[in-house]
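Working notes, beginning with the structure itself.
The values are calculated or read from the model by the stated rules, or taken from the named source; none is laboratory data. All values derive from a computational prediction rather than experimental measurement. Here the Cβ positions follow ideal geometry from the backbone for every residue, glycine too, while neighbour counts run over all protein chains shown. Just so you know, the surface numbers come from the protein's heavy atoms only, side chains and all, with ligands and any DNA or RNA stripped out. Shrake-Rupley method; radii C 1.70, N 1.55, O 1.52, S 1.80 Å.
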Amino acid sequence: MITTVPAFTEWNRPPEDGELRLVPIGGLGEFGMNALVVHSARSLFLVDCGQLFPSDDQPGIDSIVPDFAYLEPFADRLQAVLLTHGHEDHIGALPYFLRRWPVPVYGTAFTLGLVAGKLREHGLDLDLLHPVPDYGRVSVGEGEVAAEWIPVTHSIPDACALALHTPQGVIVHSGDFKLDPEPLDGRTTGMERLRALGDAGVRLLLADSTNVQRAGRSPSEAACREGLDAAFLATQGRLVVATFSSHIHRLQTLLDLAYEHGREVLLLGRSLDRSVALARSLKRLALPDDILVDSKDAAKVAPADLLVLCTGSQGEPLSGLARLLRREVKGLALAPGDRLLLSARAIPGNEVAISRMLDEAERQGADTSTEGLGTVHVSGHGQREELADLIRAVRPRQMVPVHGTYRNLRAHGALAESLGWPRERISLLDGGQCLRLFADDRVDLPGAVPVGKCFVHEGVDHMVDARVVQDRLILQEDGVVFATLLVDSATGDLAAEPTILSRGFVMLSDDETYGELLRGVARQAFEAAPPDVRKDPEALREAIRQALRRIIRKTTQTRPLVVPVLLDAPQ
Ligand SMILES: [Zn+2]
Ligand SMILES: [Zn+2]
């Protein structure tokens, strides 16, 4: 991320009495990796700890988590993590965070149930998890701050906004929310409580900006039922529906419809099994006992009597849907008459993978069109009218848009302005930009603290340096060139002509004269090196690398990875 915000040079000094710092170390100017540090002289805690899913230009990376550098100087003071809800962009970095800082984690039951699954996988201590009921309170920082969980409607059960009662006033963090008047579980957004907080005075509102560019209100989750029902009616063969595994209300609608239409249900995907089991154990999902069918029995069910619920709406290669399309689910293959329906939005960046997947389903004979079905998906994030409702209910002295691209944050600021909030009471923050509230009503923006991204390669359960990701990109684009130089250690001269080997590089596969050119350049670079460089292998390799890179760039306009290797010649 390029940020033009000047540095907050004194960030590593603890806050003074009366000073409260809010430091967004992720989630601003991007979707994902939501994490906000709240820091005063006595309190230090995190609101959410999310991950970002990697894009095509981060090959081999499974997950991206925030760089927690800001916390290092204050490491022994860290007190807790407070969670708004269980989506990956809010909880996904927790295993990596808790390994370094095993502090108590607070959140609602469904949220912590999802977190528990992750901690188990990483061998971490479940005793760190402390469930909080709706409207429950937790005190942090030796009682300096009281945090309160206020229910909101969203695309996952148990989502909450947080009200932080601090000496600097009440801070409301909306979490991800919409104002659904008729949620499936009847658990509506706690607007009364939010309004009461507004009446008493709210110092700061941090609010979800995801759908600020959409006018009006987001349709209720209940609006999907009709479109999904139409899909059942329009399908003669198997109906396959991909959605997010944590979207329990969507699953409930689909299970209810399956029951009404006399279809048995196969769950396909590990995360789906887990989240359905969790939701049932917490009574967030109700289903008739005998509606689920085992994957080994699914082939025996007549196509017209089967609903396949699966993960993979984003084209993920390891998902249930991807396995089905690769015919890796025994006895089950798509056929003419079947229908594949995505009941989810395409997360930006996944469009190509999704399109490829739909194509494959059609190739196998299934119908993937949604024409004439009506609404089969609604967003879990509120639109402009809902965002305006929240601002008007809370009436904050200061407003900070969060959760969105910089474009969204600006549009959300403009919305607040259009509602009568003066510009100086709206703060647009970029990633890492600190906002300070003082006890005497002052607010300031002292600059940005160090922030960044850490890359996780799960196979080796290892943090990957950004340079490694950069190297992988270069390899992918332009390949690699190795130059091996055999050195006579007695004389310090070359013992043989250099050898050049390459992989994925455009020129060397069949062009002997080009190999000759590079060998010559490597030799010249070696021989032209002054005596002090000759004696320093690091400097010598760098000189050869530079010479080869220059000639390759000049002759081919490409920039492969160049790796010089110096070897002592056997005596
Ligand atoms: Zn969410
Ligand atoms: Zn989110």
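On the stretch given as the range 1-23, residues that are surrounded by 13 or more Cβ atoms within 10 Å (Cβ to Cβ) and farther than 21 Å from Ala466 by Cα total 13. The listed residues are Arg503, Arg541, Arg559, and the only one of them that is surrounded by 15 or more Cβ atoms within 10 Å (Cβ to Cβ) and not small (Gly, Ala, Ser) turns out to be Arg541.
So, in the range 138-167, how many residues would count as being more than 16 Å from ligand 2 (Cβ to nearest atom), at negative phi and in contact (Cβ under 8 Å) with a residue 12 or more places away in the chain? Number of matching residues: 15. Residues that are within 18 Å of His39 (Cβ to Cβ), away from ligand 2 (no atom under 16 Å from the Cβ) and in contact with a helix residue (DSSP H, G or I) (Cβ under 8 Å, 6 or more places away or on another chain) within the range 76-99 comprise just one, Leu78.
Of the candidates Glu328, Glu417, the single residue that is out of contact with any Asp or Glu (no Cβ under 7 Å at 6 or more places or on another chain), modelled with pLDDT of 95 or more and surrounded by fewer than 19 Cβ atoms within 10 Å (Cβ to Cβ) is Glu417. Close Cβ contacts (under 7 Å, 6 or more residues apart or on different chains) running from residues in the range 235-246 that are basic (Lys, Arg) to residues that are open to solvent by less than 20 Å² (accessible area, probe 1.4 Å) and not in a loop (DSSP other than H, G, I, E, B) comprise Arg238/Leu306; Arg238/Val308.
Within the bounds of the range 119-129, is there any residue that is within 26 Å of Phe31 (Cα to Cα) and within 16 Å of ligand 1 (Cβ to nearest atom)? Checking the range 119-129: not a single residue is within 26 Å of Phe31 (Cα to Cα) and within 16 Å of ligand 1 (Cβ to nearest atom). Of all residues in the range 135-152, those that are modelled with pLDDT of 95 or more and surrounded by fewer than 16 Cβ atoms within 10 Å (Cβ to Cβ) total 5. Scanning the range 168-198 for residues that are within 19 Å of Gly27 (Cα to Cα) and either among the small types (Gly, Ala, Ser) or within 16 Å of ligand 2 (Cβ to nearest atom) (or both) turns up His173, Ser174, Gly175, Asp176, Phe177, Lys178. Filtering the range 16-50 to residues that are away from ligand 1 (no atom under 16 Å from the Cβ), part of a loop (DSSP other than H, G, I, E, B), farther than 16 Å from Ala448 by Cβ and not polar (S, T, N, Q) leaves Glu16, Asp17, Gly18, Ala41, Arg42.
Which residue, of Gly175, Gly123, is at positive phi and open to solvent by 20 Å² or more (accessible area, probe 1.4 Å)? Write out each step before concluding.
Values: Gly175 fails: open to solvent by 20 Å² or more (accessible area, probe 1.4 Å).
That would be Gly123, the only listed residue that is at positive phi and open to solvent by 20 Å² or more (accessible area, probe 1.4 Å).
If I filter the range 445-461 for residues that are among the charged types (D, E, K, R) and either open to solvent by less than 70 Å² (accessible area, probe 1.4 Å) or under 21 Å from Val563 (Cβ atoms) (or both), do I get at least one hit? No, there is no match, as no residue in the range 445-461 is among the charged types (D, E, K, R) and either open to solvent by less than 70 Å² (accessible area, probe 1.4 Å) or under 21 Å from Val563 (Cβ atoms) (or both). When the range 368-414 is limited to residues that are open to solvent by 60 Å² or more (accessible area, probe 1.4 Å) and within 21 Å of the chain's Cα centre (by Cα), the one that is modelled with the lowest pLDDT turns out to be Tyr406.
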